[in-house]
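For reference, the structure discussed in these notes is given below.
The values are calculated or read from the model by the stated rules, or taken from the named source; none is laboratory data. Predicted model only: the values in this text are computed from it and were never measured. Every residue, glycine as well, gets a Cβ built from its backbone with ideal geometry; the counts of neighbours run over all protein chains shown. Each accessible area value is taken on the protein alone, full model and side chains, heavy atoms only, with ligands, DNA and RNA left out. Shrake-Rupley method; radii C 1.70, N 1.55, O 1.52, S 1.80 Å.
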Amino acid sequence: MNYGETKFGFWRRILTFIELLSENFTNFFIPFKNLYDFSDKFLGENKDIRYLVVTANPFTLFRFGYLLKKRHKIKWLADYRDDWNTSDFNKKFGLIDLGFNLLKSYSEKKWVKTAEGITCVSEAYKKKISEFVKRPGSVMLDGYFEEDFQVKIEEVLS
């Protein structure tokens, strides 16, 4: 039996709504909030760090980039390995889902507009996401190649 859609579906949706709403005001409900606490302390102790690269999923990590920029005046880059609110998949169109989509879109735009730019895994994602969050973008294919990484960071942060 799939309890997510039947027996407990209503309560699951209520809790999801509370989580989506509260993550704009507090880290308390974010299960991995210790990552933010560690990063905040680390940046406070290491003033020579010039920028952050925040890779998401989960996309709530972009909130951490947003908060760390406000607190430490540090530049950050939002690294998308897939799309979030610009995805054409898994869209539902019920009234409750519309509310969820609006909250998620609001959060993504609020947080990512403070980034210097974005990186994505393809030109198509770059175009869609850059237009959505109003930030310049660059393509960085999956995988880490140090020589490519430095060039892309400098492109976006300059």
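Treating each Cα of segment 1-67 as an identical point scatterer and summing with the Debye formula, the log10 of I(q)/I(0) at q = 0.23 Å⁻¹ comes to -1.02. Computed extension length for Lys73-Asp142: 22.0 nm, one decimal, from 0.36 nm per residue of separation with the Cα-Cα distance subtracted. The largest accessible area among Val112, Val53, Val121 belongs to the first residue in Val53, Val121, Val112, and the rest follow in falling order (1.4 Å probe, all chains). Among the listed pairs Lys47/Lys127; Lys47/Lys69; Lys47/Lys109; Lys104/Lys134; Lys69/Lys104, those whose Cα-Cα separation exceeds 24 Å are Lys47/Lys127; Lys47/Lys109. In plain terms, the chain from Val53 to Ile96 could stretch by 12.2 nm, reckoned as 0.36 nm per residue minus the Cα-Cα distance.
The mean sequence separation of alpha-carbon pairs under 8 Å and at least six residues apart, normalised by the residue count of segment 24-124, gives a relative contact order of 29 percent.
Under the combined filter of DSSP loop state and at most 15 neighbouring Cβ atoms within 10 Å, segment 1-82 retains these trypsin sites (Lys or Arg not before Pro): Lys7, Lys47, Arg50, Lys73, Arg81. Available extension along the chain between Tyr106 and Asp37 is 22.5 nm, counting 0.36 nm per residue and deducting the alpha carbon span. Taking Asp82, Asp37, Asp97 and ordering them by how much accessible surface each has at a 1.4 Å probe, largest first, produces Asp37, Asp82, Asp97. Under a Cβ-Cβ cut-off of 10 Å, what is the net charge of the residues other than Trp111 that fall near it, where Lys and Arg count +1 and Asp and Glu count -1? Counting the neighbours of Trp111, the net charge comes to +3.
Largest accessible area first, the listed residues Asp83, Asp142 line up as Asp142, Asp83 when surface is computed with a 1.4 Å probe on the assembled protein chains. For Asp82 and Asn46, the FRET efficiency from 1/(1 + (r/R0)^6), where r spans their Cβ atoms and R0 equals 25 Å, is about 0.25.
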